[in-house]
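Enquirer: Supplied in C-alpha cells, the structure appears directly below.
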Amino acid sequence: MLTQRQHQLLQYIQSYMAERGVPPSFEEMRDALKLKSKSGIHRLIIGLQERGYIRRLPYRARALELAREAPPPRGGAGPVPVEDDPTNVVQGPFPGRSRERPQEVSGTCSLPLYGRIAAGTPIEALRDHSTQIDVPPHLIGSGDHYALEVVGDSMIGEGIQDGDVVVIQCRESAENGDVVVALIDDSEATLKRLRMKGQTVALEAANPAYETRLFGAHRVKIQGRLVGLMRRY
C-alpha cells in the first residue's frame, strides 16, 4: 500500500516519463509536490523502491526506472489529495490495553494491532484501533504492549521479515542496541536498532542495502521496544 504522497509522486514520474522519455529531476519532483527540500523526495523515492514500483540506477543522472504502474487511488477514481492525512500515521504514545497483563483467551493474549511499521525507511503506516491479534502469553512481559505488522526488508539481518508481526513493549526510553519503534518528527514511525551518542540518534538497519540515518535527539521519540515476533507461513 502506498501513502498519498508516494502515490502522487509515482503518478507524476509516470506522466513525466510518458511525455518526455526521461525521469524528472529531484528539483522538479520537489516543485511538483510543493515540498521544501529534496530530502522529502529522497524519502519518498526510497519508499517506492522498497515496494517495487521504481528502480534506482547507480552512477547515472536522473537514474530512475519504472518497474510497476501506479495502483488506483484509494477510495476509487479521482486525484490523490496532496495533503497528508494525519489519521493515517502511526502516532504515539501508544496506550496499549491497560497497566495489567492482557486478557488471556484460550491460551493466548489479545493485543491491539495498530497498523503497519516500516522496516526500511520511515513510512506512514495505517493505524486501526479496532483490530486485535492473539499473541502467545510467553511474549508478553510487564507493562503495556501492542503489535505492529512489518513492511520492508531492512531488518532481515535480525530475522525480521516483511509481513512479520512484532510485539512491542510500550516504553519512552531504550538502551543502546535495542530494536525500537521510533517516531521521527512526530509524523513517521520506523522499526530500527537504536544507537545514541550525545545528542545524536542513529537508527540502524540490519541490511547493508539501507543506510543508517542520523537525527538530533529532539527529533526522535521512542515508542516502544521489540520483545517478540510472530510469523505466518
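The values are calculated or read from the model by the stated rules, or taken from the named source; none is laboratory data. Predicted, not measured: the structure shown is a model, and the values here were computed from it. Here the Cβ is made from the backbone with ideal geometry for all residues, glycine too, and neighbour counts use every protein chain on show.
Enquirer: Report every pair of residues separated by at least 6 positions or lying on different chains whose Cβ atoms are under 7 Å apart, first residue within segment 63-80 and under 13 Å from His7 (Cβ atoms), second modelled with pLDDT of 70 or more and of a type in the set (Ser, Thr, Tyr).
Expert: Sorted first by the residue in segment 63-80, then by its partner, the pairs are Arg68/Tyr53.
Enquirer: Please indicate, with yes or no, whether at least one residue in segment 225-232 is touching a residue at least 40 places away in the same chain (Cβ under 8 Å), closer than 18 Å to Arg43 by Cβ and not assigned by TED's automatic domain parsing to the domain that holds Gly40. Show your work before the answer.
Expert: Narrowing segment 225-232 to residues touching a residue at least 40 places away in the same chain (Cβ under 8 Å): 225-232.
Right, trim to closer than 18 Å to Arg43 by Cβ and you get none.
For segment 225-232, residues touching a residue at least 40 places away in the same chain (Cβ under 8 Å), closer than 18 Å to Arg43 by Cβ and not assigned by TED's automatic domain parsing to the domain that holds Gly40: absent.
Enquirer: Follow-up. In the set Ala182, Ala189, Ala205, Ala174, which member is among the hydrophobic types (A, V, I, L, M, F, W, C), over 19 Å from Tyr114 (Cβ atoms) and either modelled with pLDDT under 90 or surrounded by 11 or more Cβ atoms within 10 Å (Cβ to Cβ) (or both)?
Expert: Ala205
Enquirer: Tell me whether segment 18-34 contains one or more residues that are in the same structural domain as Arg56 (by TED's automatic domain parsing), small (Gly, Ala, Ser) and more than 16 Å from Leu64 (Cα to Cα).
Expert: Here is the first cut: in segment 18-34, the residues in the same structural domain as Arg56 (by TED's automatic domain parsing) are 18-34.
The next check asks that each one be small (Gly, Ala, Ser); those that pass are 18, 21, 25, 32.
This time we only want the ones that are more than 16 Å from Leu64 (Cα to Cα), so: 32.
The answer is yes; a qualifying residue exists.
Enquirer: Could you check, for segment 81-91, whether at least one of its residues is modelled with pLDDT of 55 or more and either exposed (fewer than 12 other Cβ atoms within 10 Å of the Cβ) or within 28 Å of Leu191 (Cβ to Cβ) (or both)?
Expert: At the first step, the residues of segment 81-91 found to be modelled with pLDDT of 55 or more are none.
Scanning segment 81-91, I find no residue that is modelled with pLDDT of 55 or more and either exposed (fewer than 12 other Cβ atoms within 10 Å of the Cβ) or within 28 Å of Leu191 (Cβ to Cβ) (or both), so the answer is no.
Enquirer: Can you say whether Val165 is surrounded by 22 or more Cβ atoms within 10 Å (Cβ to Cβ) and either touching a residue at least 40 places away in the same chain (Cβ under 8 Å) or in contact with a Pro (Cβ under 9 Å, 6 or more places away or on another chain) (or both), as far as the supplied structure shows?
Expert: Working: surrounded by 22 or more Cβ atoms within 10 Å (Cβ to Cβ): no; either touching a residue at least 40 places away in the same chain (Cβ under 8 Å) or in contact with a Pro (Cβ under 9 Å, 6 or more places away or on another chain) (or both): yes.
No; evaluated as a whole, the condition is false for this residue.
Enquirer: Give segment 133-170 a look and list any residue that's assigned to a strand (DSSP E or B), aliphatic (A, V, I, L, M) and out of contact with any Cys (no Cβ under 6 Å at 6 or more places or on another chain), or say none.
Expert: We begin by selecting, within segment 133-170, every residue assigned to a strand (DSSP E or B); these are 133-135, 145-151, 165-169.
After this cut, where a residue has to be aliphatic (A, V, I, L, M) as well, the list is 133, 135, 147-148, 150-151, 165-168.
Residues satisfying the conditions are Ile133, Ala147, Leu148, Val150, Val151, Val165, Val166, Val167, Ile168.
Enquirer: Before we move on, is Ala63 hydrophobic (A, V, I, L, M, F, W, C), at pLDDT 80 or above and at negative phi?
Expert: Values: hydrophobic (A, V, I, L, M, F, W, C): yes; at pLDDT 80 or above: no; at negative phi: yes.
No.
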